[in-house]
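Engineer: Below you will find the structure I want to go over with you.
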Amino acid sequence: MTDETTKRAAEILAEHRESIDRLDAILVYTLAERFKHTQAVGQLKAKHDLPPSDPAREALQIARLEQLSADASLDPDFAKKFLNFIIQEVIHHHKKFQH
């Protein structure tokens, strides 16, 4: 490899890393916004004595995410695991409101 090729590779790597950092920030802020809404849902459920979990809704969301994942060329199994993790965390928060 020439010095110029190595330099260009380092520039491309830096560009990718900047994009990754920006996307990580978007993910964090998006999750924070999502959890603001799920917290409101949890409080509403507690106020109206509704169960913290809604298996029918969760199944629809997982199916929807699997389709979105396929459309986005993201591994649907990974997306499903990710959503299941989020759902379990939301249910945990909702249960806290029940007490």
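The values are calculated or read from the model by the stated rules, or taken from the named source; none is laboratory data. Values in this document were obtained by computation on a predicted structure and should not be read as measured data. Ideal geometry is used to build each Cβ from the backbone, glycine not excepted, and the neighbour counts take in all protein chains shown.
Here is a yes/no grid of residues against (1) part of a helix (DSSP H, G or I); (2) surrounded by 11 or more Cβ atoms within 10 Å (Cβ to Cβ); (3) among the polar types (S, T, N, Q); (4) modelled with pLDDT of 95 or more:
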position: GLU4; (1), (2), (3), (4): yes, no, no, no
position: ILE20; (1), (2), (3), (4): yes, no, no, yes
position: ALA59; (1), (2), (3), (4): yes, no, no, no
position: LYS80; (1), (2), (3), (4): yes, yes, no, no
position: PHE85; (1), (2), (3), (4): yes, no, no, no
position: PHE97; (1), (2), (3), (4): yes, yes, no, no
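Engineer: I'd like to verify a number: residues in region 28-77 that are within 17 Å of LYS95 (Cα to Cα) and not basic (Lys, Arg), how many?
Structural biologist: Adding up the residues that qualify gives 19.
Engineer: Name, by its number, the condition in (1) within 18 Å of ARG34 (Cα to Cα); (2) under 18 Å from the mean Cα position of the chain (by Cα); (3) not in a helix (DSSP H, G or I) that does not hold for LEU74.
Structural biologist: For LEU74, the failing item is (1).
Engineer: When the residues of region 25-35 are filtered to those that are of a type outside the set (A, V, I, L, M) and modelled with pLDDT under 95, which remaining residue is surrounded by the most Cβ atoms within 10 Å (Cβ to Cβ)?
Structural biologist: Within region 25-35, the subset of a type outside the set (A, V, I, L, M) is 29-30, 33-35.
Filter again for modelled with pLDDT under 95, leaving 34-35.
On the way: ARG34: 12, PHE35: 15.
If we take residues in region 25-35 being of a type outside the set (A, V, I, L, M) and modelled with pLDDT under 95, then PHE35 is surrounded by the most Cβ atoms within 10 Å (Cβ to Cβ).
Engineer: Kindly indicate the residue of region 1-57 that is under 23 Å from PHE82 (Cβ atoms) and among the β-branched types (Val, Ile, Thr) and also farthest from the chain's Cα centre (by Cα) among those meeting that condition.
Structural biologist: VAL41
Engineer: Another question, then. Looking only at region 46-54, decide whether some residue is at pLDDT 90 or above, surrounded by 10 or more Cβ atoms within 10 Å (Cβ to Cβ) and of a type in the set (Lys, Arg).
Structural biologist: No, region 46-54 contains no residue that is at pLDDT 90 or above, surrounded by 10 or more Cβ atoms within 10 Å (Cβ to Cβ) and of a type in the set (Lys, Arg).
Engineer: What number goes with the only condition from (1) of a type outside the set (Gly, Ala, Ser); (2) touching a helix residue (DSSP H, G or I) at 6+ places or on another chain (Cβ under 6 Å); (3) in contact (Cβ under 8 Å) with a residue 24 or more places away in the chain that LEU83 does not pass?
Structural biologist: Here LEU83 meets the rest and fails (3).
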